[in-house]
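First comes the structure, then the notes that go with it.
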Amino acid sequence: MPRRMQLAFILCVVVLILSGFGSRLSATPDASNEAQIRSVLDMQTAAWNRGDIDTFMTGYWKSEETEFLGVSGITRGWQAVLDRYRRNYPDGKAMGRLTFSNLEVHIVCPDSAFVIGEFQLDREKDRPAGIFTLIFRKFAEGWRIVADHTTGFPASSSTGSH
């Protein structure tokens, strides 16, 4: 995420905390924005479960500034993230069936949000699972993931993570 976007995001959080809205944020989220973000995640799980990584990737901001952080380090750029997914999940058998659970959507500003949740892949020989934090920004085309930090639980560390 570029420095100016990071600073804008941090500024929004600081303003919310200082103004006392931070404690009320989860009690009065913008339902429309939350529904739109959840729709992106629903689209992604459906695409993943069809074996359609290209459609899955439409949930990410198509930019060189998109970032994926995982056990193997930081991948920068939408195309590099797509290449990473294709390399780690070359076919439907490797992809398995994806589910997200325990999702928490936090609208920070009108155009910034983050999502915390858990993922699980059900595959023939294993069930890798873990946690993630997704940073969303709202663009003209809708909400998109600009940064994805995914970590597999230790039991699944040898199988890779989402």
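The values are calculated or read from the model by the stated rules, or taken from the named source; none is laboratory data. These numbers were taken from a predicted model, which means no experiment stands behind them. Cβ sites come from the backbone with ideal geometry, for glycine too, and all protein chains shown count toward neighbours.
Filtering region 134-154 to residues that are part of a strand (DSSP E or B) and either at pLDDT below 95 or among the small types (Gly, Ala, Ser) (or both) leaves GLY142, ALA147, GLY152. Total residues in region 62-75 satisfying the condition of being surrounded by fewer than 17 Cβ atoms within 10 Å (Cβ to Cβ) and touching an Asp or Glu at 6+ places or on another chain (Cβ under 8 Å): the figure is 2. Would you point out the residue of region 64-112, among those that are in contact (Cβ under 8 Å) with a residue 40 or more places away in the chain and touching a Pro at 6+ places or on another chain (Cβ under 9 Å), that is farthest from GLY152 (Cα to Cα)? Taking the candidates together, the pick is ILE107. Put simply, of THR75, THR55 the only residue that is in a strand (DSSP E or B) and either among the hydroxyl-bearing types (Ser, Thr, Tyr) or within 15 Å of THR150 (Cβ to Cβ) (or both) is THR75. For region 93-105, indicate whether the set of residues that are charged (D, E, K, R), more than 17 Å from ARG137 (Cα to Cα) and touching a Leu at 6+ places or on another chain (Cβ under 8 Å) is non-empty. Checked region 93-105: at least one residue is charged (D, E, K, R), more than 17 Å from ARG137 (Cα to Cα) and touching a Leu at 6+ places or on another chain (Cβ under 8 Å). For region 124-133, filtered to residues that are assigned to a loop (DSSP other than H, G, I, E, B) and touching a Ser or Thr at 6+ places or on another chain (Cβ under 8 Å), the residue that is nearest to ARG144 (Cα to Cα) is PRO128. Against the definition (under 15 Å from the mean Cα position of the chain (by Cα) and either of a type in the set (Asp, Glu) or outside any helix (DSSP H, G or I) (or both)), how does THR45 come out, yes or no? Spelling it out, it is not the case that THR45 is under 15 Å from the mean Cα position of the chain (by Cα) and either of a type in the set (Asp, Glu) or outside any helix (DSSP H, G or I) (or both).
Among the residues of region 90-119, those that are touching a strand residue (DSSP E or B) at 6+ places or on another chain (Cβ under 9 Å) and in a loop (DSSP other than H, G, I, E, B) comprise GLY96, PRO110, ASP111. One residue stands out among those in region 128-158 that are farther than 15 Å from TRP48 by Cβ and either touching a Lys or Arg at 6+ places or on another chain (Cβ under 8 Å) or of a type in the set (D, E, K, R) (or both): the one that is surrounded by the most Cβ atoms within 10 Å (Cβ to Cβ), which is PHE136.
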